[in-house]
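Peer 1: Input: one structure, supplied below.
The values are calculated or read from the model by the stated rules, or taken from the named source; none is laboratory data. Quick caveat, the model's predicted, so the values are computed rather than measured. So basically every Cβ, Gly included, is an ideal-geometry build from the backbone, and we count neighbours across all protein chains shown. The accessibility values were calculated without ligands, DNA or RNA, using every heavy atom of the protein model including side chains. Shrake-Rupley method; radii C 1.70, N 1.55, O 1.52, S 1.80 Å.
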Amino acid sequence: DVQMTQSPSYLAASPGESVSISCKASKSINTYLAWYQEKPGKTNKLLIYSGSTLQSGTPSRFSGSGSGTDFTLTIRSLEPEDFAVYYCQQHNEYPLTFGSGTKLEIK
Amino acid sequence: EVQLVESGGGLVQPGRSMKLSCAASGFTFNNYDMAWVCQAPKKGLEWVATISYDGSSTYYRDSVKGRFTISRDNAKSTLYLQMDSLRSEDTATYYCARQGREWYFDYWGQGVMVTVSS
């Protein structure tokens, strides 16, 4: 199975700042990496797939990069609604596997 | 608007069975693979199972193989998860998700809680 290591687990930032979240795969997954946002009371939201392709409706302040084993989600100029939990997921092979999550909190 | 609404969760004793349902609307159900993803309390997300758009192919994580069965009724736009021989470690919120052609999940339900306890 492909192990996904996500870091950091917790991240505190202020609105307007930029942050980056890392996701590392235990073997190459090409560019097949998705990012999700989890917020209380809302359904999970797909932000990015295939490493860098923004899902329809995802604001342009979100960006994804990387290939092979190392990937990054960057959020520029944080908005209040961005404070949430973020997960990465490899969609290269079964079993599909997720990172352990990053909780982004307001500083 | 795509909607996925799960039902059928609750409290069940170890070793017993439970069947989850997911009613889909707002899209052509039989055009999409569908999946179940779970999240144990205070834990991360875990993929459970996937079924192809026509039901001809299924995929499971190792820990549920032989105990869980994913199925679908395209006439009713409904996805199912039959869970047998339940264990305490199956306790989780179970999410129904639409699976994109490249195996990411583009829409999710709100989830249904399953608690396995005596």
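Peer 1: How many residues does region B:10-66 hold that are modelled with pLDDT under 95 and small (Gly, Ala, Ser)?
Peer 2: Residues in region B:10-66 being modelled with pLDDT under 95 and small (Gly, Ala, Ser): 1 in total.
Peer 1: Is it the case, given these coordinates, that residue B:73 is in contact with a Leu (Cβ under 9 Å, 6 or more places away or on another chain), of a type in the set (Asp, Glu) and exposed (fewer than 14 other Cβ atoms within 10 Å of the Cβ)?
Peer 2: Details: in contact with a Leu (Cβ under 9 Å, 6 or more places away or on another chain): yes; of a type in the set (Asp, Glu): yes; exposed (fewer than 14 other Cβ atoms within 10 Å of the Cβ): yes.
Against the criterion (in contact with a Leu (Cβ under 9 Å, 6 or more places away or on another chain), of a type in the set (Asp, Glu) and exposed (fewer than 14 other Cβ atoms within 10 Å of the Cβ)), residue B:73 qualifies.
Peer 1: Going through B:60, B:80 one at a time, which residue ends up being surrounded by 13 or more Cβ atoms within 10 Å (Cβ to Cβ) and without any contact (Cβ under 8 Å) to a residue 24 or more places away in the chain?
Peer 2: On the way: B:80 fails: without any contact (Cβ under 8 Å) to a residue 24 or more places away in the chain.
None of the other options fit; the residue is B:60.
Peer 1: (1) open to solvent by less than 60 Å² (accessible area, probe 1.4 Å); (2) more than 14 Å from the chain's Cα centre (by Cα); (3) acidic (Asp, Glu): which one isn't true of residue B:89, the others all being true?
Peer 2: Unmet condition: (1).
Peer 1: Something else: Could you list, in sequence order, the residues of region B:37-54 that are more than 10 Å from chain A (Cβ to nearest Cβ), in contact with a helix residue (DSSP H, G or I) (Cβ under 9 Å, 6 or more places away or on another chain) and open to solvent by less than 50 Å² (accessible area, probe 1.4 Å)? Full working, then the answer.
Peer 2: Here is the first cut: in region B:37-54, the residues more than 10 Å from chain A (Cβ to nearest Cβ) are B:38, B:40-42, B:51-54.
If we keep only those that are in contact with a helix residue (DSSP H, G or I) (Cβ under 9 Å, 6 or more places away or on another chain) too, we end up with B:38, B:40, B:53-54.
Selection gives B:38, B:40.
Peer 1: Return the pairs, sorted by first residue and then second, in which the second residue is open to solvent by 30 Å² or more (accessible area, probe 1.4 Å) and assigned to a loop (DSSP other than H, G, I, E, B), the first residue lies in region A:13-42 and is over 21 Å from residue B:100 (Cα atoms), the beta carbons are less than 6 Å apart, and the residues are 6+ apart or on different chains.
Peer 2: A:13/A:107; A:14/A:107; A:16/A:77; A:18/A:76; A:24/A:69; A:26/A:3
Peer 1: Hey, another quick one. Please specify each residue of region B:34-59 satisfying the condition of being under 14 Å from the mean Cα position of the chain (by Cα) and under 13 Å from residue B:90 (Cβ atoms).
Peer 2: B:36, B:38, B:39, B:40, B:46, B:48, B:49
Peer 1: I'm trying to understand the selection: among the residues of region A:93-107, which are open to solvent by 10 Å² or more (accessible area, probe 1.4 Å) and more than 8 Å from chain B (Cβ to nearest Cβ)?
Peer 2: A:93, A:103, A:105, A:106, A:107, listed by residue number.
Peer 1: Restricting to region B:101-110, give me the number of residues that are more than 7 Å from chain A (Cβ to nearest Cβ) and surrounded by 20 or more Cβ atoms within 10 Å (Cβ to Cβ). Break it down into steps so the answer makes sense when it comes.
Peer 2: First, pick out the residues of region B:101-110 that are more than 7 Å from chain A (Cβ to nearest Cβ): B:101, B:107.
Now narrow it down to the ones that are surrounded by 20 or more Cβ atoms within 10 Å (Cβ to Cβ): B:107.
Residues that pass the stated criteria total 1.
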